[in-house]
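This report concerns only the one structure given below.
The values are calculated or read from the model by the stated rules, or taken from the named source; none is laboratory data. Remember, it's a predicted structure, so these values are computed and weren't measured experimentally. Cβ coordinates were reconstructed from backbone atoms using ideal geometry, including for glycine residues, and neighbour counts include every protein chain displayed.
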Amino acid sequence: MILIVGLGNPEKKYDGTRHNVGFAALDHFANEIKTEFKMSEKFNAKLAEATVTFPGEKKHCRVLLVKPHTYMNLSGDSVSKIVNFYKIRTEDQLWVIHDDLDIEIGTLRIRLNGSSAGQKGIGSIIERLGTDTFVRFRVGIKPEGGQNKPAEQFVLEKFRPEEKKIITTEIKQLSEILLDSLDKGIVKTSL
């Protein structure tokens, strides 16, 4: 089983914000694989389970999609409970989708380990799991020309109309990459 976590904040007022791009990407992916989220009080997260079958092959992969409802900075609380309950190997079975202010909007990157680079949700996961070895799908949110506000304020703003088109395309691309990675593995998938 692959555990795919999208990071964000649970309240409606955060829908469409830069920091919630992980939730948006996971919502799109859930729709693509035809599964729906249900709230789990046990894990304080919305969960969606599915078995992805690849066309023309007898190969399939079980996935558990997770949207922590702990708020971004405490994401590790939910993630660590789920990882421990399902006995997930973090190095290859835990994939996390998150916003990255250091990457230009329209750019996706995969990272297999390393520091949080200031992303509080990733920092929380690293702290709670005691490891930085898990797959990260980094979704660029840095606007052209940079931003002129403090990061903690900027990430909670909604995308501008011209950015929405870019981020929508980026999220669709990410769904394709996730499917490809489930089929062929992370290492064989390129951006």
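Things worth noting here:
- Scanning the stretch 1-48 for residues that are among the aliphatic types (A, V, I, L, M), over 22 Å from G106 (Cβ atoms) and assigned to a helix (DSSP H, G or I) returns a single hit, A30.
- All positions within the stretch 160-191 that are surrounded by fewer than 14 Cβ atoms within 10 Å (Cβ to Cβ), touching a strand residue (DSSP E or B) at 6+ places or on another chain (Cβ under 9 Å) and at pLDDT 90 or above: K164
- Restricting attention to the stretch 147-159 and to residues that are assigned to a loop (DSSP other than H, G, I, E, B) and under 20 Å from the mean Cα position of the chain (by Cα), the residue that is surrounded by the fewest Cβ atoms within 10 Å (Cβ to Cβ) turns out to be E157.
- Residue count for the stretch 171-190 satisfying the condition of being under 18 Å from I105 (Cα atoms) and touching a Ser or Thr at 6+ places or on another chain (Cβ under 8 Å): 1.
- Matching entry among E104, E49 (being of a type outside the set (A, V, I, L, M, F, W, C), surrounded by fewer than 16 Cβ atoms within 10 Å (Cβ to Cβ), in contact with a strand residue (DSSP E or B) (Cβ under 7 Å, 6 or more places away or on another chain) and under 24 Å from T169 (Cβ atoms)): E104
- Test result for K149, touching a residue at least 60 places away in the same chain (Cβ under 8 Å) and either over 29 Å from K81 (Cα atoms) or among the small types (G, A, S) (or both): no
- Count - residues of the stretch 19-55 that are at pLDDT below 95 and over 17 Å from S181 (Cα atoms): 1
- Any pair with Cβ under 6 angstrom, 6 or more apart, that starts in the stretch 80-98 at a residue that is on the phi > 0 side of the Ramachandran plot and of a type outside the set (G, A, S) and ends at one that is surrounded by fewer than 17 Cβ atoms within 10 Å (Cβ to Cβ) and assigned to a helix (DSSP H, G or I): none
- The stretch 43-81 - residue that is within 24 Å of T133 (Cα to Cα) and of a type in the set (V, I, T) and, of those, nearest to the chain's Cα centre (by Cα): V66
- Here D27 passes the criteria (1) surrounded by fewer than 17 Cβ atoms within 10 Å (Cβ to Cβ); (2) free of Cβ contacts under 8 Å to residues at least 60 places away in the same chain except the one numbered (1).
- Taken over the stretch 59-101, the residue count meeting the criterion of being in contact with a Ser or Thr (Cβ under 8 Å, 6 or more places away or on another chain) and either of a type outside the set (A, V, I, L, M) or exposed (fewer than 13 other Cβ atoms within 10 Å of the Cβ) (or both) is 15.
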